[in-house]
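Everything below concerns the one structure shown next.
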Amino acid sequence: MPKLPAYVFRRQNGSYRYKRNVPKKLRDLIGKDTLYRQLGESYSEAMKALPKVHLEIEQLFAAEETMPANERALAFIRAALGEEVADMVVAGQIVEYSQEDYALNELAQTIAGKLPQEVVRQVYNGKLQSPPMTLDTALSEYAAYKAGEGVRDKDAALRIKKLRKDLKSSLGEHKLEKGSLAEITRADANAFRDHLLERMKPNSVLRNVAVVKVGTLVNRFQSHPSHLS
């Protein structure tokens, strides 16, 4: 029998399973240390099922790692306290000192220290807070907008990839992926501009800055041609 691929093992009954250790940082979020999936009764069945199963696990890890705090908080509330309480939280109908409020407080205490602080806070308060618009999100929306205009996905994706790299280099990972647009300052805009000027001509810098100015960024990335001359 050929050597089995990574994450695949054969059980004593002859069937095949997929076994994947959950990354430590995701174990409290997923609730398990190891994930198993049945692949099939024969080697050929297992090899046919493996690509789909592996992709599903990879997507699960990616989704768990990037799920916004409000969505995760709601998922825990729904799983622990039921649809009725979850619907009340969504509608903003949790009354202070009510039975539902106490239940949410107790639920928050059970996950404190295990889940991100923001998730615990939203569960405790019974109030969901949408994640802030970030530079990274704005760039993704811009890419989707350009795709809707008929711009080739490959062209837009490459342009956004380069912009993300430059923004990360000039502003840092937090301001790109986590920080609210409200945190972006004139100094940040200038830092981005100056970073581009190190290897681009002024006109090219203006074109790149213009892309970042789309939508909600327009008031925070005002270009000044006189500064680029």
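Residues in the range 2-16 that are in contact (Cβ under 8 Å) with a residue 40 or more places away in the chain and either β-branched (Val, Ile, Thr) or over 17 Å from Thr34 (Cβ atoms) (or both): Pro2, Pro5, Val8. Considering Ala69, Ala86, the condition of being surrounded by 13 or more Cβ atoms within 10 Å (Cβ to Cβ), in contact (Cβ under 8 Å) with a residue 60 or more places away in the chain, among the small types (Gly, Ala, Ser) and closer than 19 Å to Ser130 by Cα is satisfied by Ala69 alone. The lone criterion from (1) in contact (Cβ under 8 Å) with a residue 40 or more places away in the chain; (2) closer than 30 Å to Gln117 by Cβ left unmet by Leu50 is number (2).
Based on what the data block shows, is Gln93 over 30 Å from Arg11 (Cβ atoms) and either touching a residue at least 40 places away in the same chain (Cβ under 8 Å) or not hydrophobic (A, V, I, L, M, F, W, C) (or both)? Yes; evaluated as a whole, the condition is true for this residue. Considering the range 66-111, the qualifying helices (runs of 4 or more DSSP H), each wholly inside and each with 2 or more residues that are in contact with a Pro (Cβ under 9 Å, 6 or more places away or on another chain), run over 69-81. For residues in the range 167-206 being surrounded by 14 or more Cβ atoms within 10 Å (Cβ to Cβ) and of a type in the set (Lys, Arg), which is farthest from Ala69 (Cα to Cα)? The residue in question is Arg193. Taken over the range 118-142, the criterion of being over 16 Å from the mean Cα position of the chain (by Cα) and either under 14 Å from Pro68 (Cα atoms) or of a type outside the set (Gly, Ala, Ser) (or both) is satisfied by Val120, Arg121, Gln122, Val123, Tyr124, Asn125, Lys127, Leu128, Tyr142.
For the range 112-134, a residue qualifies if it is in a loop (DSSP other than H, G, I, E, B), surrounded by 15 or more Cβ atoms within 10 Å (Cβ to Cβ) and in contact (Cβ under 8 Å) with a residue 60 or more places away in the chain, and exactly one does: Met133. Taking the conditions (1) modelled with pLDDT under 95; (2) more than 30 Å from Gln99 (Cβ to Cβ) in turn, Ser15 satisfies each one other than (1).
The values are calculated or read from the model by the stated rules, or taken from the named source; none is laboratory data. Everything numeric here is computed off the predicted structure, so don't read it as measured data. Positions of Cβ are generated from backbone atoms using ideal geometry, with glycine treated the same way; all protein chains shown enter the neighbour counts.
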